[in-house]
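Shown next, in structure tokens, is the structure this report addresses.
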Amino acid sequence: MKLSLIVPCYNEQQALPIFYKEVTAVMGAMDCEYELLLINDGSRDGTLELMRSLAQQDERVVYLSFSRNFGKEAAMYAGFCNATGDYVAVMDADMQDPPSLLPKMLEILATGDYDSVAACRADRAGEPPVRSWFSKQFYRLINAISDTDIVSGARDFRLMRREMVDAIVAMCEYNRFSKGIFGWVGFRTYWLPFENVERVAGETKWSFWRLFKYAIDGIINFSQAPLSFASWFGIGMTAFAFFMLCFIVLRKLIFGDPVAGWASTICVIVFIGGLQMFFLGVIGQYLAKTYLETKRRPHYIVSETNGGDVKKIR
Ligand code: UDP
Ligand code: MG
């Protein structure tokens, strides 16, 4: 039995040595064959040099270095495409996904009752309250409008069986939202709660704005609700306008009461114009995704690796 550990790294020269030390200690104690797939996502610091030297000391280290920053989703995909283990785990380099959970996760999978074990945060301690609030609202919204189950507080930290990894690799969409993809492929998942930990070194790459855009991406990738909402809203508005028209005509015929109010008319026109623009924008978002998808560009480009049969462009 072999385990593959996928670690996306972007500017992690401070955290990576700590992570490596901890993970080798945990894996050593477990006495099981494994490989460490380090993905360098176009770091601008010494991460690549560090990976080279780790690979030299330790033959279980395989590193893939991207030609530029492709994002964590692409890095995880590269890991899935190149993992050779029977079990595959994704984890962050910053120790926020504690390697000490791995033995427990393996134990749960070994029972055969589950296909994947996913870590989820037991609480959101240490996070700014505004961010927690937005995050909660996002999960409520996306679960209401999407068929895919997306669990709040879920991390990307997971241990999966080969079958599930193959399913994820088969989902070759360009716009990737892993939390949705993990849910979409199905399989039996065990949720393992753990205490939230702060990152050991370096800093987070997720600003509020980047998270916000990620949330919008998640909604657009896993729900058509905004599109159907636009049509239902349009139908509602049309019906309302029709009844108002009948009302005004009847009022004129019965009471001879002419329509007053130029200002109110303009307001209504501008309001509806705004709504039309907004929904056009919604359609535009989907169209843009479709456009990117149809170009079939690769997810990532590897410019350097020590692995023999690594898929360099995929
Ligand atoms: N990461 C990456 N590419 C990016 C951004 C982040 O590979 O463009 C990696 C990063 O090195 C880390 C993981 O993704 O191992 C999670 O990033 P981070 O800790 O910044 O996110 P947070 O834990 O704050 O959500
Ligand atoms: Mg982190």
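For the range 179-213, a tally of residues being within 11 Å of ligand 1 (Cβ to nearest atom) and either touching a helix residue (DSSP H, G or I) at 6+ places or on another chain (Cβ under 9 Å) or more than 26 Å from Val130 (Cβ to Cβ) (or both) returns 7. Working only within the range 145-162, note down all residues that are surrounded by 18 or more Cβ atoms within 10 Å (Cβ to Cβ) and of a type in the set (Asp, Glu). The one that is surrounded by 18 or more Cβ atoms within 10 Å (Cβ to Cβ) and of a type in the set (Asp, Glu): Asp156. Residue check, Ile283 against (1) surrounded by 12 or more Cβ atoms within 10 Å (Cβ to Cβ); (2) part of a loop (DSSP other than H, G, I, E, B), all met but one. Which one? Answer for Ile283: the failing condition is (2).
Among all residues of the range 114-123, there is at least one that is among the hydroxyl-bearing types (Ser, Thr, Tyr), assigned to a loop (DSSP other than H, G, I, E, B), touching a Lys or Arg at 6+ places or on another chain (Cβ under 9 Å) and touching a residue at least 60 places away in the same chain (Cβ under 8 Å).
Would you confirm whether or not the range 81-92 contains a residue that is within 16 Å of ligand 2 (Cβ to nearest atom), assigned to a strand (DSSP E or B), out of contact with any Cys (no Cβ under 7 Å at 6 or more places or on another chain) and of a type outside the set (Ser, Thr, Tyr)? Yes: one or more hits. In the condition set (1) over 21 Å from Lys179 (Cβ atoms); (2) at pLDDT below 90, Gly85 is compliant with all but (2). If the condition is being free of Cβ contacts under 8 Å to residues at least 60 places away in the same chain and either within 16 Å of ligand 1 (Cβ to nearest atom) or closer than 23 Å to Arg131 by Cα (or both), then the range 161-178 contributes no residue at all.
Selection within the range 21-44: residues that are outside any strand (DSSP E or B) and within 16 Å of ligand 2 (Cβ to nearest atom). The member of this set that is farthest from Asp86 (Cα to Cα) is Ser43. Given the structure, is Leu64 crowded, with 21+ Cβ neighbours inside 10 Å, more than 16 Å from ligand 2 (Cβ to nearest atom) and among the aliphatic types (A, V, I, L, M)? Criteria met by Leu64.
Okay, residues lined up against (1) closer than 24 Å to Lys104 by Cα; (2) part of a helix (DSSP H, G or I); (3) in contact with a Pro (Cβ under 9 Å, 6 or more places away or on another chain); (4) within 16 Å of ligand 2 (Cβ to nearest atom):
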site	(1), (2), (3), (4)
Ser135	no, yes, no, yes
Asn143	no, yes, no, no
Met164	yes, yes, no, no
Val169	no, yes, no, no
Phe187	yes, no, no, no
Gly202	no, no, no, yes
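Candidates Pro128, Pro98: the one that is within 17 Å of Lys205 (Cβ to Cβ), under 24 Å from the mean Cα position of the chain (by Cα) and away from ligand 1 (no atom under 11 Å from the Cβ) is Pro128. Restricting attention to the range 74-95, the residues that are closer than 14 Å to Lys311 by Cβ and more than 13 Å from ligand 1 (Cβ to nearest atom) total 5. Tyr63 falls short on exactly one of the conditions (1) more than 16 Å from ligand 1 (Cβ to nearest atom); (2) of a type in the set (Ser, Thr, Tyr); (3) within 16 Å of Lys311 (Cα to Cα), and that condition is (1).
The values are calculated or read from the model by the stated rules, or taken from the named source; none is laboratory data. Everything numeric here is computed off the predicted structure, so don't read it as measured data. Positions of Cβ are generated from backbone atoms using ideal geometry, with glycine treated the same way; all protein chains shown enter the neighbour counts.
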